[in-house]
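Below is one structure, written out as structure tokens, with a few remarks after it.
All of the numbers you see were taken from the coordinates with simple rules; none came from a lab. As the structure is a computational prediction, the values presented were derived from the model and not from experiment. Glycine gets a Cβ as well: all are built from the backbone with ideal geometry, and neighbour counts include every protein chain shown.
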Amino acid sequence: MVLWVFGYGSLIWNPGFDFDEKLIGYIKDYKRVFDLACIDHRGTPEHPARTCTLEQSTGAICWGAAYCVRGGPEKEKLAMEYLERRECEYDSKTLVEFYTENDTSTPIVTGVIVFTSTPDKVSNKYYLGPAPLEEMARQIATASGPCGNNREYLFKLEKAMFDIGIRESFLNDFILKKPLFLV
């Protein structure tokens, strides 16, 4: 048995668990959005940070990293226990197909786990939902928690995407709001 996990936020630059292989690529029909509250890493319950989750969107692609954990049930269990603690704001685990630039028609890996959140404020207390760009940028500019400030999360995500050769207009929209990040 082999465990594969897809990272589309901080897992890209900081997986935090023991893995055997990392592939850069994407999943289809999902887009990255800053609609999830983080109250324990980059924000607090009083002032939640905005972090990424995925939203289903036909035809969209979301770039990130897929991590493979081999070595038996115990190693996989340790990785999943770590991820479930770290990704506690996400209330759903979805299985997706993972693609690379080399083959856009056939997934290189199937059954990849991705942590997502239900887009419903009633069933998921961490779901913030969409907001105007300036409002989200202001929230990102001012939130801070035990792992650092929310701006750093955004900038590290933008750098991680740049490092893998992806320029994402969604992230650039936030970066262009830089005066708000100097608050």
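Laid out as a table, the results:
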read-out	value
Peptide ranges 95-106, 51-62, 29-40 listed from the most packed, as the mean C-beta count within 10 angstrom indicates	29-40, 51-62, 95-106
Helix 73-86 vs. the chain, principal-axis angle (Cα, 0 to 90°, nearest 10)	10
Between 0 and 90°, nearest 10: helix 150-163 axis offset from the chain longest Cα axis	50
In the stretch 3-181, lysine pairs closer than 17 Å at Cα, eight or more apart or cross-chain	9
Computed magnitude of the charge dipole of the chain (debye, nearest 20; Cβ of K, R +1, Cβ of D, E -1)	400
Percentage of interatomic Cα-Cα distances in the stretch 3-181 larger than 21 Å	48
Sum of side-chain charges, residue 45 neighbourhood, beta-carbon under 13 Å (Lys, Arg +1; Asp, Glu -1)	-1
